[in-house]
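Below: the structure, in C-alpha cells.
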Amino acid sequence: MMATFKNLPTNFTISKDGGYAVLSVPIEKSDNDDRSYRLIRLSNELEALLIHDAKTDKSSAALEVHVGSLSDPDNLQGLAHYCEHLLFLGTEKYPKENEYKDYLSKHSGRSNAFTSADCTNYYFEVGPEFLEGALDRFSQFFVAPLFDPSCVDREIHAVDSEYKKNLQLDGRRMHQLERSLSNPNHPYSRFSTGNLETLKENPIKQGLNIRDELLKFHDKYYSANIMKLVVLGKESLDQLSQWIIEKFSAVKNKSIPIPTYDDNPLTENELSNQVFIKPVKDIRTLNMRFSFPDQRPLFHAKPTYYLSHLIGHEGVGSLLTLLKKKGWANYLRAGYNGYIGFGFYSISIDLTESGLVNYEDVVVHVFQYIEMLRQVGTQEWIYHEVKKIQEISFRFQEKSIPSRYTSSLSHNMKFPCPREWILSISLFRKFDPQLISESLDLLRHDNFVLRLVSQSFNELDQREKWYGTEYKAEPLSDKVIQALKNITTHSDLTLPIPNEFIPSNFETNKSEISMPAKRPDIIKNTQISRLWYKKDDTFWVPKANICLMFKSPLAYTTPIHHVKTELYTELVKDALNECLYNAEITGLGYDLYYQNQGLVLIVNGYNDKLSILLEKVVIKMKNLKIDPERFSLIKERIQRKYKNSLLNPPNQQTTYYLDYLTNEKIWTNEEKLEALENIKYEDIEIFYPELLSHLFIESLIHGNILKDDAIKISQKVEEILQPKALITSQLIGLRSVLIPKGKKFIYQRNVFDSNNINSAIEYYIQIGDLMNKELRTKSSLTAQIANEPFFSQLRTKEQLGYLVNSGIKSQVGSLGFKLKIQSERNTIHLENRIEDFLNKLQTIIENMSEQEYQKQIQSLIVKKLEKPKNLTQESFRYWGDIISGYYDFEQVDTDVEELRKITKQDLLKFYKTFINPNSPVYKKLSVHLRSQKSNKTKLNGGVVNEEENEVIIEELELKDYNEIINDMVLWKSHMILGPSVTPFSNI
C-alpha cells in the first residue's frame with residue numbers, strides 16, 4: 001500500500017516507489033565535501049537527512065526532538081531531562097536496559113544525549129558495518145520505549161547526581177540564576193535540570209506517579225512531525241532510505257505544533273535592573289543581557305552576526321582595546337543566544353579590579369560604542385568582508401567527528417530556511433541594512449539587565465533556590481540611566497580597519513597519490529633544531545599547521561622559573577592581541593603556552609599568510625616590551641587562576657594529585673602561588689632573553705606548504721631568535737614514579753571547597769613500560785572490555801555517581817589502568833566497590849564466548865585504525881608522537897598486529913597477573929578527595945543485581961594491605977624512577 005503524504009514543503013516530490021518524499025533540488029554543500037546527501041520526509045512527517053560517505057570509518061545517527069525543558073510542567077521541573085535519561089534504558093523490542101550501550105561498546109561505538117531549553121538531542125556513532133543494528137536499537141527509543149519501572153527511581157537518582165555534580169560550578173549557577181530572575185510566568189524561569197525534590201518528593205506530595213507523568217509527557221511531545229533525523233553511513237542513499245522507512249515509519253505522528261514561546265522572559269519588571277552576584281571561584285565579570293526577538297527567521301541576513309563582529313572586535317579602535325587601555329578589562333565576548341520564539345543578545349566582559357570599581361563607566365563605554373555604530377550607519381563593506389570570510393570557511397570546510405556532525409546537523413535542521421540550505425546555514429545571503437539597524441536599536445539603555453559577578457560583594461540579601469547562589473538585585477543607578485540617556489561617542493572608538501589577513505591564494509597543487517605517507521620525515525636536523533615535514537596528501541585544503549617546541553631546561557627548573565615562563569607567554573599573547581585579532585577572524589590562529597620541556601607555539605590556518613603570522617609572533621617573542629600596568633593585571637589574573645584551581649571539581653583534583661604523585665617533577669599550585677608573589681616585571685625582562693638564549697627547536701610543518709618553503713620557515717625562526725645549542729644532557733626529559741610490585745598505596749585529602757558535597761576517587765593500577773607492546777595492547781583490551789560493565793554496574797545499577805569512567809593512563813616509561821568516580825558516597829566505599837568490580841571483571845572475561853571476545857578485539861581494532869577526519873587531527877597525531885619523544889609513528893599498526901594475536905587465555909593470564917587485586921605483583925595508587933560536608937546520603941539498599949540477587953552493603957573500612965601516604969614529597973623521595981624517553985627508532 002502506497003504511503004500518503006500531507007503538508008509537503010516546497011520542492012518535495014514523492015519517490016518512485018512511493019515510500020517517501022524527497023527534496024528534488026540539489027542540497028548546497030561545500031566544494032570540499034565529497035559526501036552525497038538526500039533529504040527525505042516519511043509519511044509520518046519525520047524529516048531525515050541521509051549522508052553517504054564511502055570513506056568513513058565510523059557511521060552515525062542523531063535525532064533531535066523539538067521539545068526541551070521549556071515544556072516541563074510547572075509542577076514537574078526537569079521532566080524533559082529525566083525523559084532523556086530514562087529513554088535509553090530498554091524498549092519493547094530490546095528490553096535489556098544496557099542493550100543499546102552494550103551493542104555500541106562491542107562495535108567501536110559510543111552515544112550521548114543532551115536536553116536544551118527547546119530541544120532534546122540524541123546521537124551515536126558505531127563501526128560502519130554495524131549501522132543497521134545500531135539504528136534498529138536507536139529507533140525503538142522513539143517507537144516503543146519501556147520506561148521500565150525498575151529503572152524509574154534509579155534514574156531519578158542519576159539526574160539528582162548530575163545536578164549535585166554541578167552545584168559548585170559557576171557557569172551552571174549563573175545560568176540558573178539568570179533563569180530564576182526572569183519573568184516568573186515564563187517557562188524560562190523554571191529549574192531545567194531536575195533533582196530528587198522536583199522528580200520524586202514533590203510528585204509524592206501531589207499524589208502523582210512520576211512514571212505515569214513521564215508517559216504523558218512522552219506521549220504528548222515525542223511526535224514524528226517535530227523530529228529531525230540525520231544518518232551518516234557507507235551505504236548507498238537508497239539503502240539508507242530503505243532502513244529509515246523500515247525503522248522510523250512506526251514513530252507516531254501526533255501532528256502537534258512545535259512548542260513556541262513568543263514572549264521574552266525579560267519584561268519591564270526585569271529590565272533596567274542590576275544584579276550583584278557572589279561566585280564560588282574568584283572571577284569578575286560584567287554581563288549585559290538585552291531582550292531580543294527570535295533571530296532564526298533572519299538567517300539570510302544575520303543582523304546580530306554583523307553586530308557581534310563589531311562589538312566583539314579586539315583590534316584597533318575596538319571597545320576592548322579602550323577598556324584594556326584603561327586597565328578595566330581582560331576579555332570581551334558579544335553574541336546572540338536564542339530559542340524558538342525569543343532570544344537574548346549578551347555582552348560579557350572579564351573585569352580587572354579597577355574595572356569592577358568603575359563598572360558604571362564600563363557600561364557607558366559599551367553604549368558609546370553602540371552610539372558610534374548608530375552614527376556611522378551600517379557599512380556594506382564590513383558586511384561583505386564578513387560574508388567573504390564565511391564563504392571561504394564554508395568552501396574549505398573539513399570533515400569532523402561523525403557524531404558531532406550528525407548531532408549539529410539535526411539541530412540546524414530546525415532553522416526555517418529553504419531545505420536545500422540546511423548544510424550552508426552559516427552563509428550570508430542578503431545585505432539588509434534595515435534589519436541591522438533594527439537590531440542595533442534594540443541595544444537600548446532600557447532594554448537590558450546588568451549582572452556583576454565578584455567575590456568582593458558583601459551584604460547580598462538573597463539566595464537562588466536551586467544552587468544557593470548569593471545575590472542582590474536593584475534598579476540601575478540614576479547616574480547610569482542619565483548618562484545612557486545622554487550618551488555621546490568616544491574619540492578612541494572607531495570601526496575596524498579592512499582585514500589584511502583574508503586569504504586569496506587557495507592553490508593546493510593536488511595530484512594523484514596511490515598511498516598517502518603514514519608519517520612526516522626529518523628534512524633538517526642540527527644541534528639547534530629538528531624539522532619534521534609532511535606535505536598534505538590526504539585532505540587537499542589550502543591550510544597548514546606549524547608546531548614548534550622550544551626546548552629549554554630553564555622553563556621548569558624551579559617553581560619561580562615555571563611561573564616566569566607562564567607570565568612571559570601570557571605577556572606575549574596580550575601584546576599581540578590587538579594586531580593579530582584580524583588574523584584570528586579570517587581562520588588563522590596561534591597559541592603559545594608552556595610545558596615542562598619549554599615553550600610550545602602552534603600556528604595554523606590558511607597557508608596563504610601563515611608565515612606572516614608566524615613571523616609576527618616570533619618577533620614579538622624575541623623583542624617583547626613589557627608594559628608594567630599590563631604586567632600587574634596579568635600577574636593578578638594568573639594568581640586568581642592558581643587559587644581557583646583549588647576549587648576545581650573533585651574528579652579533576654584526583655587527576656591532578658595522581659599526576660603529582662606519579663611524575664618526577666610537578667610544581668603544585670600552592671608552590672606556584674608562593675613563587676608568583678614577589679615577581680616584578682623587571683624580572684621577566686631579565687628572564688625571557690635567558691630562556692630563549694639556549695634552545696633546541698623541534699618542529700612539525702604539515703599541510704599545504706612545499707618542502708623548500710618549510711625549510712625557509714624553520715630558518716627564519718632561527719634567524720629571529722638566534723639561540724645557542726643546548727648540551728645533550730640538557731635534553732634528558734623527566735621520568736615517572738614506579739610503584740614497587742605488590743604495593744598498594746592510598747593518598748587521602750579533603751576537597752578544598754568546604755561547600756562541595758561531592759567526593760571523588762581515581763584508582764590507578766600501574767602495569768609496566770609504555771613501550772612494551774604486549775602490555776600496552778593487553779591493557780587497552782582490558783580497558784575496552786571494562787568500559788561498559790564498569791559504567792553499567794557502578795553508575796546505572798549502584799548509582800554511585802554521575803561521573804563514572806575508566807581507561808588507560810600513559811606516562812613516560814609507564815602505563816596503567818585507571819578507574820574514576822565522583823560521588824556523594826564515602827571514598828572508602830568507592831574504593832571497595834571498585835575492587836569488587838575488578839574481581840567481577842575477571843569473571844566476565846572468563847565467561848565470554850569466543851565470539852564475544854573477538855567482537856571486543858575487533859571493536860578495539862576499529863577504534864585504533866580510525867583515521868583523522870581533517871588536517872588538524874592528522875597534524876596533532878604526528879605532533880603527539882613527536883613531543884612524546886618516542887617518535888613511534890607506527891604504533892597503531894604495531895598494536896593492531898599484536899591485538900590479533902592475543903587469545904582469551906593470554907588476556908586472562910595478563911589480567912590475573914596485573915589487574916586482579918589479589919595478585920602478588922598487583923600495584924596500585926588510589927587518590928581520594930573527600931567532601932568536607934557531612935555525608936548523610938545512605939545506600940539505597942535492596943537488590944541491585946537481580947540476576948545475582950546481590951545486595952550491596954556499605955563498606956567503610958579499608959583493606960589491611962593498603963598503605964596510607966601522609967606526605968607526598970616524602971613518599972616520592974622513596975620511590976624508584978622509570979627510564980627517561982628513549983626514541984622508538986633512530987632519528
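The values are calculated or read from the model by the stated rules, or taken from the named source; none is laboratory data. Bear in mind that the values here come from a model prediction, so they are computed numbers and not experimental data. Heads up, the Cβs are rebuilt from the backbone with ideal geometry, glycines too, and the neighbour counts pull from every protein chain shown.
Regarding the stretch 292-310, can at least one residue be identified that is surrounded by fewer than 22 Cβ atoms within 10 Å (Cβ to Cβ), in contact with a strand residue (DSSP E or B) (Cβ under 8 Å, 6 or more places away or on another chain) and without any contact (Cβ under 8 Å) to a residue 24 or more places away in the chain? No; the residues of the stretch 292-310 include none that is surrounded by fewer than 22 Cβ atoms within 10 Å (Cβ to Cβ), in contact with a strand residue (DSSP E or B) (Cβ under 8 Å, 6 or more places away or on another chain) and without any contact (Cβ under 8 Å) to a residue 24 or more places away in the chain.
Residues in the stretch 592-603: is at least one assigned by TED's automatic domain parsing to the domain that holds LEU726, out of contact with any helix residue (DSSP H, G or I) (no Cβ under 6 Å at 6 or more places or on another chain), farther than 20 Å from VAL316 by Cα and not in a strand (DSSP E or B)? Checking the stretch 592-603: at least one residue is assigned by TED's automatic domain parsing to the domain that holds LEU726, out of contact with any helix residue (DSSP H, G or I) (no Cβ under 6 Å at 6 or more places or on another chain), farther than 20 Å from VAL316 by Cα and not in a strand (DSSP E or B). Looking only at residues in the stretch 399-441 that are in a helix (DSSP H, G or I) and hydrophobic (A, V, I, L, M, F, W, C), the one that is farthest from THR538 (Cα to Cα) is LEU440. LYS465 meets each of the listed conditions (1) in contact with a Ser or Thr (Cβ under 6 Å, 6 or more places away or on another chain); (2) outside any helix (DSSP H, G or I); (3) not small (Gly, Ala, Ser) apart from (1). Mind checking whether some residue in the stretch 88-100 is farther than 19 Å from THR198 by Cβ, modelled with pLDDT under 95, outside any helix (DSSP H, G or I) and among the aliphatic types (A, V, I, L, M)? Yes, the stretch 88-100 contains at least one residue that is farther than 19 Å from THR198 by Cβ, modelled with pLDDT under 95, outside any helix (DSSP H, G or I) and among the aliphatic types (A, V, I, L, M). Does the stretch 607-618 contain any residue that is among the charged types (D, E, K, R), in contact with a Phe, Trp or Tyr (Cβ under 9 Å, 6 or more places away or on another chain), buried (at least 20 other Cβ atoms within 10 Å of the Cβ) and at pLDDT 95 or above? Yes. When you check VAL316 against the structure, is it surrounded by 18 or more Cβ atoms within 10 Å (Cβ to Cβ) and either assigned by TED's automatic domain parsing to the domain that holds ILE436 or touching a residue at least 60 places away in the same chain (Cβ under 8 Å) (or both), yes or no? Spelling it out, it is not the case that VAL316 is surrounded by 18 or more Cβ atoms within 10 Å (Cβ to Cβ) and either assigned by TED's automatic domain parsing to the domain that holds ILE436 or touching a residue at least 60 places away in the same chain (Cβ under 8 Å) (or both).
Conditions (1) surrounded by 18 or more Cβ atoms within 10 Å (Cβ to Cβ); (2) polar (S, T, N, Q), marked per residue:
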position: ASN7; (1), (2): no, yes
position: ASN11; (1), (2): no, yes
position: ASP17; (1), (2): no, no
position: ASN32; (1), (2): no, yes
position: ILE51; (1), (2): yes, no
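Residue selection: ASN195 satisfies the criterion of being of a type in the set (S, T, N, Q) and in contact (Cβ under 8 Å) with a residue 24 or more places away in the chain. With respect to the conditions (1) modelled with pLDDT of 95 or more; (2) of a type outside the set (A, V, I, L, M, F, W, C); (3) under 30 Å from ASN545 (Cβ atoms), ASN986 falls short on a single one, namely (1). Taken over the stretch 687-736, the criterion of being touching a residue at least 40 places away in the same chain (Cβ under 8 Å), under 30 Å from GLY768 (Cβ atoms) and more than 35 Å from the chain's Cα centre (by Cα) is satisfied by GLN730 alone. The residue of the stretch 166-194 that is farthest from the chain's Cα centre (by Cα), among those that are more than 15 Å from THR469 (Cα to Cα) and of a type outside the set (S, T, N, Q), is PRO184. Looking across LEU323, LEU351, LEU332, one residue alone is free of Cβ contacts under 8 Å to residues at least 60 places away in the same chain, out of contact with any Asp or Glu (no Cβ under 9 Å at 6 or more places or on another chain), surrounded by 20 or more Cβ atoms within 10 Å (Cβ to Cβ) and in the same structural domain as ILE422 (by TED's automatic domain parsing). It is LEU323. For the stretch 86-140, what are the residues that are in contact with a Pro (Cβ under 7 Å, 6 or more places away or on another chain) and β-branched (Val, Ile, Thr)? Passing the criteria: only THR91. Just the residues that are more than 12 Å from TYR94 (Cβ to Cβ) and touching an Asp or Glu at 6+ places or on another chain (Cβ under 9 Å), please, taken from the stretch 136-153. Within the stretch 136-153, SER150, CYS151 qualify.
Among the residues making up the stretch 794-815, those that are in contact (Cβ under 8 Å) with a residue 60 or more places away in the chain, part of a helix (DSSP H, G or I) and either buried (at least 23 other Cβ atoms within 10 Å of the Cβ) or over 23 Å from the mean Cα position of the chain (by Cα) (or both) are THR796, LYS797. Please work out which residue is farthest from ILE340 (Cα to Cα), limiting yourself to the stretch 409-428 and to residues that are among the hydroxyl-bearing types (Ser, Thr, Tyr) and touching a residue at least 40 places away in the same chain (Cβ under 8 Å). Top of the filtered list is SER424.
Got at least one residue in the stretch 82-98 being of a type in the set (Lys, Arg), within 22 Å of PHE790 (Cβ to Cβ) and surrounded by fewer than 21 Cβ atoms within 10 Å (Cβ to Cβ)? So far as the stretch 82-98 goes, yes, one or more of its residues are of a type in the set (Lys, Arg), within 22 Å of PHE790 (Cβ to Cβ) and surrounded by fewer than 21 Cβ atoms within 10 Å (Cβ to Cβ). From the list LYS923, LYS867, LYS855, LYS840, the lone residue that is more than 30 Å from ASP160 (Cβ to Cβ), over 30 Å from the mean Cα position of the chain (by Cα), in contact (Cβ under 8 Å) with a residue 24 or more places away in the chain and outside the structural domain of GLU664 (by TED's automatic domain parsing) is LYS923. Might you check whether a residue that is hydroxyl-bearing (Ser, Thr, Tyr), assigned by TED's automatic domain parsing to the domain that holds GLU963 and either at pLDDT 95 or above or closer than 30 Å to ARG900 by Cα (or both) occurs anywhere in the stretch 793-804? No, the stretch 793-804 contains no residue that is hydroxyl-bearing (Ser, Thr, Tyr), assigned by TED's automatic domain parsing to the domain that holds GLU963 and either at pLDDT 95 or above or closer than 30 Å to ARG900 by Cα (or both). Number of residues in the stretch 204-248 that are of a type in the set (Phe, Trp, Tyr) and over 26 Å from ARG35 (Cβ atoms): the value is 3. Being in the same structural domain as GLY605 (by TED's automatic domain parsing) and within 17 Å of ILE602 (Cα to Cα) is a description that applies to LYS551. Of everything in the stretch 292-324, what is aromatic (Phe, Trp, Tyr) and over 16 Å from TRP381 (Cβ atoms)? Give them in sequence order. Those that are aromatic (Phe, Trp, Tyr) and over 16 Å from TRP381 (Cβ atoms): PHE292, PHE299.
Summed over the stretch 674-690, the residues that are of a type outside the set (D, E, K, R) and either in contact with a Gly (Cβ under 8 Å, 6 or more places away or on another chain) or exposed (fewer than 15 other Cβ atoms within 10 Å of the Cβ) (or both) give a count of 3. Being without any contact (Cβ under 8 Å) to a residue 40 or more places away in the chain, of a type in the set (Asp, Glu) and not in a loop (DSSP other than H, G, I, E, B), is that true of even one residue in the stretch 113-128? Scanning the stretch 113-128, I find no residue that is without any contact (Cβ under 8 Å) to a residue 40 or more places away in the chain, of a type in the set (Asp, Glu) and not in a loop (DSSP other than H, G, I, E, B), so the answer is no. Filtering the stretch 918-965 to residues that are at pLDDT below 90, touching a helix residue (DSSP H, G or I) at 6+ places or on another chain (Cβ under 6 Å) and assigned to a strand (DSSP E or B) leaves only VAL944.
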